[in-house]
């Protein structure tokens, strides 16, 4: 059969959906020996992508999300491709595409936390139309967590029986094997001289960085007077100046380290050398960073909201109320003061993270393809 994959978000940066698409293509090239795949891409990724074998071909789309070109030009390209099945790896799809399709829903963040970017009435309407069309026109929906499945049922009213939950994976690069030279190089590069708490990710409002910073201040000012740094990765977002403003208001300028975007090998070193990985997010569709931290042998303290307890596992992390900085601080404090608990969390977290693999994700996704194609016969 001829299967299309929307790879317009394919990314060499390996973040979020870009990583998902990259791993899906990479794993399918190894697993599937019979089907043909057409990979739809934008530039510049189209120019550098090399089809992994003769069963894979690439097609240039060059249509950004939420554009007229996505709805008209991409639609024409898809029809011309004569596919047996199309996999939209994100809900952005031409609303008039009616041939058999599968769609992956990674999260419904914009339904619950629309944020400050592209938040006009027009954008909100476009989001809802495109989301509902992609889901309702698909033969099967892949949700990346049970929580996302329930969100889909609530927001879109999609039937539970047509939603398949397929977890994402953790890359092989992440692991507890510490390269001391690399760790020291990364610490020097970013000026990290003390024990530190780590946050990785974007700076959007639902990531809840302000409450993390407030909790960090409480840890430094508390009776124990923890002499720690807080390391925050990701690019500064001009839409969310409250992050750095809070740091300044609390007098933490010399204790909070901003790394910007971090290459993957350096990210592994940061995970491995962090005292605790803290994940204060208010909402996630899957929440990959805590699993990456666990795979690197780092204790995880995280929000008890959305899918996070589901993905982290009840006994592998400590969970806090993300709306309460004092609760965040208390749970981090509990881990900092208890070396035995730290050791238990490292061991349990590592074992738990090994349950999540990109190969397993691709196998289960291939089964969805085959079920849909079989039902066409």
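FYI, it's all coordinate maths here, none of it is from the lab. It should be emphasised that the depicted structure is a prediction, and the values quoted were computed from it without experimental measurement. Note that each Cβ is placed from the backbone with ideal geometry, even for glycine, and that neighbours are counted across all protein chains shown.
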Take the alpha carbon atoms of the range 161-199, find their center, do the same for the range 105-137, and report the distance between the two centers in whole angstrom.
-> 30
Prolate/oblate/rounded label for the range 180-353 (Cα gyration tensor, a/c 1.5) = rounded
What relative contact order, as a whole-number percentage, does the range 226-296 give when Cα pairs under 8 Å and 6 or more residues apart are counted?
-> 33
Protection proxy ranking, peptides 352-363, 271-282, average beta carbon neighbours within 10 Å, highest first = 271-282, 352-363
Expressed as an acute angle from 0 to 90° and rounded to the nearest 10, what is the orientation of the C-alpha long axis of helix 209-221 relative to the principal long axis of the chain?
-> 20
Once every DSSP H run of n ≥ 4 in the chain is given -39500 (n - 2.57) and the sum is divided by its residues, what mean residue ellipticity at 222 nm do you get, rounded to the nearest 500 deg cm²/dmol?
-> -13000 deg cm²/dmol
Can you give me the Cα centroid spacing of the range 1-56 and the range 355-377 in angstrom?
-> 15
Once the Cβ-Cβ distance between residue 340 and residue 79 is put in as r, and R0 is 56 Å, what FRET efficiency do you end up with, to the nearest 0.05?
-> 0.35
By average Cβ neighbour count within 10 Å, what is the ranking of 3-11, 327-335 from highest down?
-> 3-11, 327-335
Using the beta-carbon distance between residue 193 and residue 99 and R0 = 56 Å, what value does 1/(1 + (r/R0)^6) give for FRET efficiency, to the nearest 0.05?
-> 0.45
Length-normalised contact order for the chain - Cα pairs under 8 Å, 6+ apart - percent = 16
The simple spin-label model distance between residue 165 and residue 321, using points 7 Å out along Cα→Cβ, in nm, is 2.6
Angle between the Cα long axis of helix 121-136 and the longest principal axis of the chain, 0 to 90 degrees, nearest 10?
-> 60
For the range 202-250 versus the range 294-315, the gap between their alpha-carbon centres in whole angstrom = 20
Relative to the longest principal Cα axis of the chain, at what angle does helix 16-31 sit, 0 to 90 degrees, rounded to 10?
-> 60
Percent RCO, i.e. relative contact order, over the range 1-123, from Cα pairs under 8 Å lying at least 6 residues apart = 25
